[in-house]
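Colleague: The structure under discussion is supplied below as structure tokens; questions concerning it will follow.
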């Protein structure tokens, strides 16, 4: 990357687009200190939005839990840009961010995976100084941290800190459109849209017709002969909304996800038809930027490879992506299983590893055993789950929420599922992916490695669809494109042996079980990640390891 260029400066929010936009990505000043006091001098330049732990940031240094990361940016705004409000957007800062403008405290945000914003209009001057103080305690506290771990290795990855998603400004009128809530209803041939705004009303242009509508209430729009969205035909409806002082463009898709009976088994369905969801696990890590791609084209390339390999689904594993990633799934046609983010205390092997071998599940109200003794942490997690659903609610490609994975910080999954189900009735839920099944949600979720898949008995399924939400993980190392580390999964020495093993595994563990009720599978994984070498493509994205057409031919046999 040419460091003179500003990275990731294309408009970052495709589902709510307006003309007012100014990217603040690029070179900022940074400092790393143990002192709580803002430093008089800074250490140098950092390329935002790459974390200091990454190569692309230009820093390549770890921020430890007892340290603070300081950012400073000086900027000025053309007066023609400034309207009633100037909104400063942070799309992702890990983990605790305290923000100041011209010495005025804008606010504090806790949590590394969701966006936040401030109206900075009252504090603007001719020349402005933006200061961001960040603390990241990584996996030493109860906060959500995903797969980051200070002592990285194996399935746990390099921790990263600070700003890792775009920072940007927009200027809006007082009656601006703050949010949209879009609910497609395939069964009733309509879409319901709620425009959130302080304006008394708005004008929507949809299906080529303009209509004045009330704000802050759901309005239904009938659709004759709706063009249904699917991976095979990812059709998007476009529309605009205007108030007196604002105008935005957006989109939606008509699709329905559900379960239904098929050949005597409960299976997953898309648009009221049985649909086998065959997918790949995507951790969203990149060699140069870790959580952050070098460009949005990296998203397009990754998702294009997934489709080319014959998959129709991607499981976004323990990470929230930028809105552009979800847009590309919507546009290109990939179903998304979206994981929530794990947190809690230290994980015990008896909880998070042993069940892979024993298959035994535990009640998840044993908070100490599951690393969830902290009451505040449990409350924060519940709120974060709700916030994730609200944040990504309009994304048509998302069809399933994964609440907990392999017992990592799991607690009260049954109760949480029932609460979240009422918040989003348009999608399916997996309350406990892998193990510690509490007998609820829409799917019975299996993780199987190192052995043959065995379909569960009816009393364990409990009238749910059976999904193989993780399997595979076959390793093919590529010299000069890997980090040496101990491999958890089985290693193959050449492409032919790997392909032979993959084909046999698909036949044995997937295809043979479809007649027994299996209705989805997620292969581990899209790309190598640090020590893990079980991807279809290397961590640096330079080498696709296998003949894409051969993989596609094998995967095309997976169907009802």
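No value in this document is a laboratory result; all are computed from the given coordinates. Given the structure is predicted, the values throughout are model-derived calculations rather than measurements. Positions of Cβ are generated from backbone atoms using ideal geometry, with glycine treated the same way; all protein chains shown enter the neighbour counts.
Colleague: Applying a 10 Å radius around every beta-carbon, put 116-128, 427-439 in order of their mean neighbour count, most first.
Modeller: Details: 116-128: 14.4, 427-439: 23.6.
The densest-packed peptide leads the list: 427-439, 116-128.
Colleague: Once you order the gyration tensor axes a ≥ b ≥ c over the Cα atoms, which shape class does segment 10-148 get: rounded for a/c under 1.5, otherwise prolate or oblate by comparing a/b with b/c?
Modeller: Cα axes put segment 10-148 in the prolate bin.
Colleague: Quick check on packing: order 90-99, 373-382 by the mean number of other C-beta atoms within 10 Å, highest mean leading.
Modeller: Going by the mean number of other Cβ atoms within 10 Å, highest first, we get 90-99, 373-382.
Colleague: How large is the helix-only mean residue ellipticity at 222 nm for the chain, computed as the sum of -39500 (n - 2.57) over DSSP H runs with n ≥ 4, divided by its residue count, in deg cm²/dmol to the nearest 500?
Modeller: Roughly -4500 deg cm²/dmol at 222 nm, from the helical runs in the chain.
Colleague: Is the shape of segment 213-326 best called rounded, prolate or oblate, per the rule: a/c under 1.5 gives rounded, else a/b larger than b/c gives prolate, else oblate, with a ≥ b ≥ c the square roots of the Cα gyration tensor eigenvalues?
Modeller: oblate
Colleague: Please label the shape of the chain as rounded, prolate or oblate, based on the square roots a ≥ b ≥ c of the eigenvalues of the alpha-carbon gyration tensor (a/c under 1.5 means rounded; beyond that, a/b larger than b/c means prolate, else oblate).
Modeller: Values: a/c = 1.64, a/b = 1.22, b/c = 1.34.
Because a/c hits 1.5 or more and a/b fails to exceed b/c, the chain counts as oblate.
Colleague: Moving on. Going by average Cβ neighbours within 10 Å, how do the peptides 281-293, 182-194, 163-175 rank, with the highest at the top?
Modeller: For the peptides 281-293, 182-194, 163-175, the packing ranking is 281-293, 163-175, 182-194.
Colleague: What list do you get for 329, 521 if you sort them by fewest beta carbons within 10 Å? Could you put the intermediate results ahead of the total?
Modeller: Details: 329 24, 521 29.
So the residues, fewest neighbours to most, are 329, 521.
Colleague: List the relative contact order of segment 257-555 as a percent without decimals, with contacts defined as Cα pairs under 8 Å and 6+ residues apart.
Modeller: Taking the mean separation of contacting Cα pairs over the length of segment 257-555, I get 20 percent.
Colleague: Could you tell me the center-to-center distance, by alpha carbons, between segment 147-217 and segment 322-349 in angstrom?
Modeller: Answer, in whole Å: 16.
Colleague: For the chain, calculate the relative contact order in percent as a whole number, restricting contacts to Cα pairs under 8 Å that are 6 or more residues apart.
Modeller: Values: 1332 pairs, mean separation 68.7, N = 560.
Computed over the chain, the figure is 12 percent.
Colleague: Can you sort 197, 76 by how many other beta carbons sit within 10 Å, fewest first?
Modeller: Fewest to most other Cβ atoms nearby, the residues stand as 76, 197.
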